[in-house]
Amino acid sequence: MMEPNSYAELFQRHSANPILSIDNWHYPANSVFNCAATIYNNETLLLVRVEDRRGLSHLTLARSKDGISNWQIDSNPTLLPDPQHYPEEIWGIEDPRITYLEELQEYVIAYTAYSRGGPLVSLARTNDFVKFKRCGATMPPEDKDAALFPVRFNARWAMLHRPVSATPGAPAHIWISFSPDLHHWGDHRILIRAREGGWWDANKIGLSPPPLQIPEGWLILYHGVRRTAGGVIYRLGLALLDLEDPTRLLRRSDEWIFGPRESYEREGDVDDVVFPCGWIIANNLVRIYYGGADSCIALATAKLSDLRDYITHCPRVDSIYGWS
């Protein structure tokens, strides 16, 4: 049994880290980081955020048989911003998360479109990762860190996302919203609140990969942003939602379970950041693919059984405030 208060990082870094960097790319750009992940045609597929030398981002596919090495990377950008038809993408598209909707036999990609009014949530759909159908903006700015659940709840799709108040210094929480058709979203409510004070996840949190279904509920990996005298630090924690009612937060880790430690996580375009947008399961092993310091992509793994044991021994949550 793994008790939450006997702290250890649950995810172990791969010895080949970083597994992808701009040196692997076929065309000039500044950096590669924050990638979605899924299994497609028996391969690990990453949809990678690529920042060009203007500072604007697009998405490019990388494929690997083992999910670690011999990556086959598209020779040109896979999904470019299209501000002519989708003006909210004028300053790029970023930080994708992929969810497979079995009911529709489609993959839905939630991503951040950077508009003149700020970042917002957009969706795109595909069944082959060659042709993409944009759904357009689904949430107004400022909003990001979004992903869908893979199933409906009472005939409605659900999405987690992270809006930010226009009030200076206001906390940023994880919200949940619902839709009958993936276009019209409502019933918005706060789901996981940022803590207050000196916590590692005080004031600003956001979803990392999409929700993961386990027997105990929906496992949530989220990031917390702590401001220090030397800058911000992005670390990761876990939460658990009810399986039938995802608006019910059941448990939440007090401690962060993974944070920047290695040089490729601590030094880059944005120092002290680990930022996963995708995870997959292979042989009871959970793989997270994460951006290191906004400059590269790295891999870390944990046993699914360890994550389940850990979260089920985390404190139960106060349903009013969203923390224990």
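The values are calculated or read from the model by the stated rules, or taken from the named source; none is laboratory data. Only a predicted model underlies this, so the values are computations on that prediction, with no experimental measurement involved. Note that we place each Cβ from the backbone using ideal geometry, even for glycine, and neighbour counts take in every protein chain shown.
So, in the range 65-85, of the ones that are closer than 18 Å to Asp23 by Cα and among the aliphatic types (A, V, I, L, M), which residue ends up farthest from the chain's Cα centre (by Cα)? Among those that are closer than 18 Å to Asp23 by Cα and among the aliphatic types (A, V, I, L, M), it is Ile73.
Residues in the range 281-299 include at least one that is out of contact with any helix residue (DSSP H, G or I) (no Cβ under 6 Å at 6 or more places or on another chain) and of a type in the set (Asp, Glu). Ala282 meets each of the listed conditions (1) closer than 24 Å to Ile98 by Cβ; (2) at pLDDT 95 or above apart from (2).
Of all the residues that make up the range 287-308, how many are hydroxyl-bearing (Ser, Thr, Tyr), assigned to a strand (DSSP E or B) and surrounded by fewer than 19 Cβ atoms within 10 Å (Cβ to Cβ)? Give the steps one after another, and end with the answer.
Start the filter on the range 287-308 by keeping residues that are hydroxyl-bearing (Ser, Thr, Tyr), which leaves 289-290, 295, 301, 305.
Subsequent filtering for residues that are assigned to a strand (DSSP E or B) retains 289-290, 301.
Now narrow it down to the ones that are surrounded by fewer than 19 Cβ atoms within 10 Å (Cβ to Cβ): 301.
Number of matching residues: 1.
Looking across the range 105-132, the residues that are in a strand (DSSP E or B), surrounded by fewer than 20 Cβ atoms within 10 Å (Cβ to Cβ) and touching an Asp or Glu at 6+ places or on another chain (Cβ under 8 Å) come down to Gly118, Arg125, Thr126. Residues that are hydrophobic (A, V, I, L, M, F, W, C) and surrounded by 16 or more Cβ atoms within 10 Å (Cβ to Cβ) were ranked within the range 26-44; the one that is farthest from the chain's Cα centre (by Cα) is Ala29. If you go through the range 222-251 one residue at a time, how many are over 19 Å from Ile288 (Cα atoms), in contact with a Leu (Cβ under 9 Å, 6 or more places away or on another chain) and not in a loop (DSSP other than H, G, I, E, B)? Total satisfying the criteria: 4. Does Leu182 count as under 16 Å from the mean Cα position of the chain (by Cα) and either under 27 Å from Asp242 (Cβ atoms) or surrounded by 15 or more Cβ atoms within 10 Å (Cβ to Cβ) (or both)? Here the answer is no, as Leu182 does not meet what is asked.
Looking across the range 265-285, the residues that are surrounded by fewer than 23 Cβ atoms within 10 Å (Cβ to Cβ) and farther than 20 Å from Arg226 by Cβ come down to Ile280, Ile281, Ala282, Asn283, Asn284, Leu285. Within the range 263-286, the set of residues being under 22 Å from Leu59 (Cα atoms) and assigned to a strand (DSSP E or B) comprises Val273, Val274, Phe275, Pro276, Cys277, Gly278, Trp279, Ile280. Could you tell me whether any residue of the range 86-100 is farther than 16 Å from Tyr289 by Cα, surrounded by 15 or more Cβ atoms within 10 Å (Cβ to Cβ), without any contact (Cβ under 8 Å) to a residue 60 or more places away in the chain and within 17 Å of the chain's Cα centre (by Cα)? The answer is yes, given that some residue of the range 86-100 is farther than 16 Å from Tyr289 by Cα, surrounded by 15 or more Cβ atoms within 10 Å (Cβ to Cβ), without any contact (Cβ under 8 Å) to a residue 60 or more places away in the chain and within 17 Å of the chain's Cα centre (by Cα). Does Ile311 meet the test of being more than 23 Å from Pro150 (Cα to Cα) and either assigned to a strand (DSSP E or B) or not charged (D, E, K, R) (or both)? Here the answer is no, as Ile311 does not meet what is asked.
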